[in-house]
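> Before we start, here is the structure in question, set down as structure tokens.
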Amino acid sequence: TDLNILLKDTIIEEEEEPSEPINWIVNLKKANIENCNISLAMPGDTLEANGNIGKINIEKGNFDLGKKSYNVEALSVNNTGIDINQGTASIADDPLSHIDIKHIDIDAKDFAMNDSVTSIRLQQFAFTQPGGITVTNTSAAITSTPDGIDLKDFSLRSRNGSYIKCTTYLPWSAISEDGIGTLSATLSMGLMKPDLHRILAEKDYASLTM
């Protein structure tokens, strides 16, 4: 299946009569999506994105559209890729404006989202960035509330030996315009040169290795 999406800003005219709310409740036992290509473009913007889905499995989902409450017991993604181009700068000058990720594998449990709380238990997240970083394992428990985001037992390891281990709580007030709030974190990390070379622009990497 090939799906092409074009997004463009439009002015929405107000309806004379408000539409009735959609109060559907959808119970999903199991869903499988395989071999799907998606392309996204925004005319008038430099953003372009392409994705290819190898396989996605969803088990035991409940979606209450009226209450805006969504729950999924298990989600797995295999052999999926995404290519995002956010600008015109070269990869050497701005590596993060060109994101090419292949072989994405995800194993997640207990996803829940409503008006106030979003949470997920990530058991595995692995991917390959051609010519650059290969992440072999990522796990974490993530909870977002109106007050902040709680990241517990975050662990990431790359093929080159880089690693990050972190437990942190970030109140949204800490990144507001007033900047009132305290970030608390326990962090342990090690970054290997091959991974740094891929993340940083050439001039920044050269200044670190002189």
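> Look through Ser155, Ser139 and report the one residue that is within 14 Å of the chain's Cα centre (by Cα), under 23 Å from Thr80 (Cα atoms) and part of a strand (DSSP E or B).
After ruling out the rest, the residue left standing is Ser139.
> Right, here's the next one. Within the stretch 177-210, which residues are among the hydroxyl-bearing types (Ser, Thr, Tyr) and at pLDDT 80 or above?
Residues satisfying the conditions are Thr182, Ser184, Thr186, Ser188.
> What number of residues within the stretch 167-184 are assigned to a loop (DSSP other than H, G, I, E, B) and either at positive phi or of a type in the set (Ser, Thr, Tyr) (or both)?
4
The values are calculated or read from the model by the stated rules, or taken from the named source; none is laboratory data. All values derive from a computational prediction rather than experimental measurement.
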